[in-house]
1. Which distance in nm do the two modelled labels at residue 100 and residue 167 give, with both placed 7 Å along the Cα-to-Cβ direction?
2. Take peptides 129-142, 100-113, 183-196 and line them up by average Cβ neighbours within 10 Å, highest first, as a rough protection proxy.
3. Please list 3J(HN,Hα) in residue order for segment 137-143, calculated via the Karplus relation 6.51 cos²θ - 1.76 cosθ + 1.60 where θ = phi - 60°; whole Hz, with x for glycine and proline.
4. Can you give me the Kirkwood hydrodynamic radius for segment 217-259, using every pair of distinct Cα atoms, in Å to one decimal?
5. Given q = 0.21 Å⁻¹, what are the Debye log10 I(q)/I(0) values for segment 114-189, with equal point scatterers placed on the Cα positions and solvent ignored?
6. Based on Cα positions only, what radius of gyration and what Dmax would you give for segment 119-255, in angstroms?
7. Work out, step by step, the length gained on full extension between residue 91 and residue 152: first 0.36 nm times the residue separation, then minus their alpha carbon distance; give nm to one decimal.
Amino acid sequence: MILTAVIAFFAWVQWRTTISNNKSTTGQTNKLIQAANIQSCAAERNAVAAEKFSKSAEGINTHTDDAVKKLAAQAKSTQDAASTAKNALVDVQRALVTFSGTSSGEQLTENGKTSAIIISLPWVNSGNTPTRRAIGRVDFDSTFGAEMNPQKFDFSDRKNGDIKPRQFVVSPKGVATATETIPIMLFQVAQAKASHLYVWGWLSYHDVFAGTPTRLSEFCDEITNIRSSKPDMTDPTSQITWNLSLCPVRNCSDEECSDYKEKTSGK
């Protein structure tokens, strides 16, 4: 009885500590967002005020005293400095999500044989604030024979099923992981150099700052150097690993992506 009570006590202490830590982390994140927004609003107010003064000074007669002209120039400099300060603040604090890569997965078995591999495709937020209204999807395809032709390759959503993009949040310094279930046959054919196996995806999201554009991150990789610890890749005890090699296209962010307007329209 005493031993049971001691174990229960320590379990309760551990649970309370976990709850406390979670609340502390959430509180720190909320304070950071609040402080960042206050600084952003202040910078925005300075920029607007400086812009109004600069415009009013532009209408002054050209023969006006040099002191007024200098004041107008100073106002323009203040406007530029305020805008630069706001942009710098957003760049430092905003959510910045990129694909981090993967080299292994979970093997699915049917009738004692590996039938498919569930690969994990993690999105990592290296920023100091969370995403807002993030949606995205991932896909895969195999080209038999020749490598990908970037001009003709079909990147449409979604060739491998009817799953719709889902909305989620990527926390500061956090990870959101998508998955794809790829038939083992495609790994076998790619390992035999008879085909090229590709995975790609996109993620559009907003940051916590008002007035900023919709963000977009895309990736595309070929699954290469596929290895199996046993000759029979369908053996459930075989360890299967691979490398990722960048595609010639679709590794980009924001306006660098050729389909930026298509992916972010209305989001």
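1. Between residue 100 and residue 167, the label points sit 2.6 nm apart.
2. Averaged packing, sorted descending, gives the order 129-142, 183-196, 100-113.
3. Along segment 137-143, the couplings run 7, 10, 9, 8, 6, 10, 10 Hz.
4. Averaging 1/r across every pair of different Cα atoms and inverting gives 12.5 Å.
5. Result of the Debye calculation: -1.04.
6. Using the Cα atoms of segment 119-255, the pair Rg, Dmax is 16.8, 56 Å.
7. Here the answer is 18.4 nm.
Taken together, the values in this text are just the output of simple stated rules run on the coordinates, not laboratory data. Bear in mind that the values here come from a model prediction, so they are computed numbers and not experimental data. Backbone-built Cβ (ideal geometry, glycine too); neighbour counts: all protein chains shown.
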